[in-house]
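Structure record follows, encoded as structure tokens.
The values are calculated or read from the model by the stated rules, or taken from the named source; none is laboratory data. Predicted model only: the values in this text are computed from it and were never measured. Glycine gets a Cβ as well: all are built from the backbone with ideal geometry, and neighbour counts include every protein chain shown.
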Amino acid sequence: MRILFLFLLASALFAEEWREPDAQYRLTVNHDVVGECGFLDFMKICLPVTLENGVAVYSEGKPVAVHQYNADHLLLPASLEKTVYTVYYGFSKKRPLQRIDSRIAPPSNIRLSQSDLSRKFPKSAQELLTPEEFRKKNPSLRSVRELRRAIGKYSVQRIELLTRLHAKSAPGKISPARFLQAGTALRNQVKNLPDALKKDLENAYFAPFRRRPGRPVSRIFFTRRPFDTDREFSSLFSGLLAVKESGEYEFRLNTNSTRILQVDGKTVHSRIGIFQSPDATAIGSTDTVTVPLSRGLHPFRFLYAKGPVGTWAAVSWRKRGEGEFRLLDENDFAPGFPLIPVRSEGRGGGLCPIVLLDDSLALKTEKWNSAPFIHYTVLSPEKSFHWERNGERFDIGNGYFVMPESTVLRLVPDSPGWLPLQILHKTGAGEKVAVLPNLSLHLWTPHFLYDDESATITAEIRNGHPVDVKAVFEVCSLKPDSVISNGREVISLPAVPLENENRYAQTRILKKDFQVQGRCAKQGLYKEFSLSLPGLETGKCPIRMEPVANLPPELKTSPDGLTDCRGVRLIPLLHRPTLHELRTWEVPRKLLNSRTPIRRVLVIAEPLPDLENRLREEFDRCGMKVEFLPWSSSALPSGSALLETLPRIQRQLHSAAADAAVLIPPAKPESVLGAREDLNTLSLILELIAAKDSIRRIVLSTPFPDLTETDVCSEEAERDEALRRLRRERGTGFLELNALLLRGENVPEAFSARAAELIRTEFTGK
């Protein structure tokens, strides 16, 4: 703190005199690129106020004439030596825009522009020599003069020669042999002039764009198609490429048809035709060219001519051997060398933060709506600051924010001597790249949990954005508990490569595990897991863990398991009875059953042919009633037919007046959850039945045998043994229907009658 105070004191002592009393703020800018104009883009530099009332620029205490295109773009004059400029702004009265030269009009495109032309172009230099083909693909060129301008004098001479040969080819004027001889000589002449023809072809591509204005775009990549895919067209990307450091730069060009790259007016790469890479992970063909570039501005033009193929073109670059290739975007181009302020301060004292923004993306929030998806980079202060978005605090540092027009975003430094900065809303020029909110949260939870077990809840975070993002992951509940701690953290998620880099790039996945002890959740548990970008909630997964006795009366199913009526994922907490608990209730149950006979039985079983009627007949003979509940015939959406039946069993138990229950699992349950989860489902059903006060006797049975099978397989034996263990665990009665019923019965009705008789006998003993 003392060091900071001394720094601020020294800055105040040696600060330059405030030369514009009416200005509220000023910037200090270093311009060290000799011979180039400096460029300040206040669409990319965040200021406390706009420059709509004008600016005043000083250097070494003297006023400097500058060129102000508009309220957001300022051009500083070139100098033969390094210069420090002071820019005053925030005047109370409007000043006229400063213009170095009134003849310099504000450019239509400050940074990168794209022009489109719907026309068929030659596919090779040879087509320039055929007048019929050339005129067909260039219908607007109607005179020899226009041809000469388009394709050059060499091609015109050859077109005129070939035209004369065609005109003289009538009988009696020129012999066929003479015509063929002249054609052969022409082809030989073409082979001797490849460079001239190539230059003529390039001129034919570029000539139509001379007077065609472009539109601002965000990058050299087709985010949308200018024309229908079945039409041929050409697009020209142009601008002044700003090179910040001298050296050799690599340009990677990936297209599926004609491409021409020019830097400093020279063609550095040219490839004509239609081509496809043998690599299945890429679209089109890729070439890399190395170009030495000095620090400063370089005229740049890239032409793409689409043939009868899909639209695909991308240009990436990097300094040779450094880092990864990245797409050329609007930030790489400028009418002058891009400058960044090194200091910002207010007239009343205090430093202002320096923040850069990138607004080239738009996030799709709804089907037809999108919101600016803006990245903010804080240059100063380098640390000790936080963001406030609509009053909510975010400690994410540099990152992306979803910024609808109603959003209030402030940067608040945490150090003394700094002023807060409220971000102004501006609409940047250029086409925004639409990105989907490819950020999702999914919870992997157990379908059931015993109170003497532990389990892992996994939060799976998926990111498909083409840029690095910082998301806020939060775990919260109404009240803290010892099962899962509440917390909030910022998660950095790497970008997914764009299509031009890898068309089969996989979504980035991050997993976070949470251990859950069943014994700690006996009183119930409610947690909300949420994931959000600053300004947009991308995922929310609430979970609820309840003992079986506290389960809600209305259950639903989902692909993730059970839910309550609000759609909250529900994890039943099962209880495994101890031997002491089983013995404690065994004697009262026997006494109650001996005094009060069974009058109504609930049977949960497969709907065999005529089984329900046979059960009613059997129990009616003994003066008893039966309630029949069949298993579900579908496993959707939960993936288990047993689990799909659970909500109906829950509703049946709430309204049933049964004294006893028989649970007969299906022989081959339709399930993708596995045998363990199916067994846990049966255990839950038994616990639900046991919690019903009116039910005094519970019988668990083996499934009905398969009528088509004659032998007992090993899987059935393992299943029956698992059911016996479950019976012992729950202390229920047990019925061996799989062993008592005959296999291979050809008459299903007889089989059902026998099954009904055995079930009735279990309760009557007769």
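Put simply, of Gly539, Gly487, Gly518, Gly524 the only residue that is small (Gly, Ala, Ser) and either touching a helix residue (DSSP H, G or I) at 6+ places or on another chain (Cβ under 7 Å) or at pLDDT below 90 (or both) is Gly524. For Glu322, which of the numbered conditions (1) in contact with a strand residue (DSSP E or B) (Cβ under 7 Å, 6 or more places away or on another chain); (2) closer than 17 Å to Lys244 by Cβ fails to hold? It is condition (1) that Glu322 fails. Taking segment 651-668 as the range and being charged (D, E, K, R) and either under 19 Å from Ser701 (Cβ atoms) or without any contact (Cβ under 8 Å) to a residue 24 or more places away in the chain (or both) as the test, the residues that pass are Asp659, Lys668.
Screening Arg225, Arg219, Arg231, Arg259 for residues that are closer than 21 Å to Tyr205 by Cα, modelled with pLDDT of 85 or more, outside the structural domain of Lys198 (by TED's automatic domain parsing) and out of contact with any helix residue (DSSP H, G or I) (no Cβ under 6 Å at 6 or more places or on another chain) leaves exactly one candidate, Arg259. The residue that is modelled with the lowest pLDDT, counting only those in segment 713-766 that are closer than 19 Å to Ala660 by Cβ and outside any helix (DSSP H, G or I), is Lys766.
In this structure, Val355 does not satisfy being part of a strand (DSSP E or B), surrounded by fewer than 18 Cβ atoms within 10 Å (Cβ to Cβ) and in contact (Cβ under 8 Å) with a residue 12 or more places away in the chain. Does Leu615 satisfy being buried (at least 18 other Cβ atoms within 10 Å of the Cβ), free of Cβ contacts under 8 Å to residues at least 60 places away in the same chain and not in a loop (DSSP other than H, G, I, E, B)? No: the conditions fail for Leu615. Looking at Val33, Val84, Val49 in this structure, which one is touching a residue at least 24 places away in the same chain (Cβ under 8 Å), not basic (Lys, Arg) and not in a loop (DSSP other than H, G, I, E, B)? Just a single option satisfies the conditions, and that option is Val84. Scanning segment 625-650 for residues that are free of Cβ contacts under 8 Å to residues at least 40 places away in the same chain and β-branched (Val, Ile, Thr) yields a single hit, Val626. Anything in segment 382-410 that is in a strand (DSSP E or B) and either touching a residue at least 60 places away in the same chain (Cβ under 8 Å) or acidic (Asp, Glu) (or both)? List them, or say none. The answer is Trp387, Glu388, Arg389, Glu392, Phe394, Gly399, Tyr400, Phe401, Val402.
Of all residues in segment 468-492, those being over 14 Å from Pro534 (Cα atoms) and of a type in the set (A, V, I, L, M) number 4.
Of the strands (runs of 3 or more DSSP E) lying entirely inside segment 439-539, those carrying at least 3 residues that are of a type in the set (Val, Ile, Thr) are 454-463, 469-476. Applying the criterion of being over 20 Å from Leu642 (Cα atoms) and of a type in the set (Val, Ile, Thr) to the residues of segment 537-567, the residue that is surrounded by the most Cβ atoms within 10 Å (Cβ to Cβ) is Ile543. The single residue among Leu608, Leu592, Leu602 that is under 54 Å from the mean Cα position of the chain (by Cα) and at pLDDT below 95 turns out to be Leu608.
The residues of segment 542-568 that are in a strand (DSSP E or B), β-branched (Val, Ile, Thr) and out of contact with any helix residue (DSSP H, G or I) (no Cβ under 8 Å at 6 or more places or on another chain), listed by number, are Ile543, Thr563.
Picking from residues in segment 80-96 that are touching a strand residue (DSSP E or B) at 6+ places or on another chain (Cβ under 7 Å) and surrounded by 17 or more Cβ atoms within 10 Å (Cβ to Cβ), the one that is farthest from Val66 (Cα to Cα) is Gly90. The set of residues from segment 507-536 being more than 23 Å from Ile396 (Cβ to Cβ) and surrounded by fewer than 14 Cβ atoms within 10 Å (Cβ to Cβ) comprises Asp513, Gln515, Arg519, Gln523, Gly524.
When residues in segment 360-376 are screened for being more than 21 Å from Ser532 (Cβ to Cβ) and of a type in the set (Ser, Thr, Tyr), 1 of them pass.
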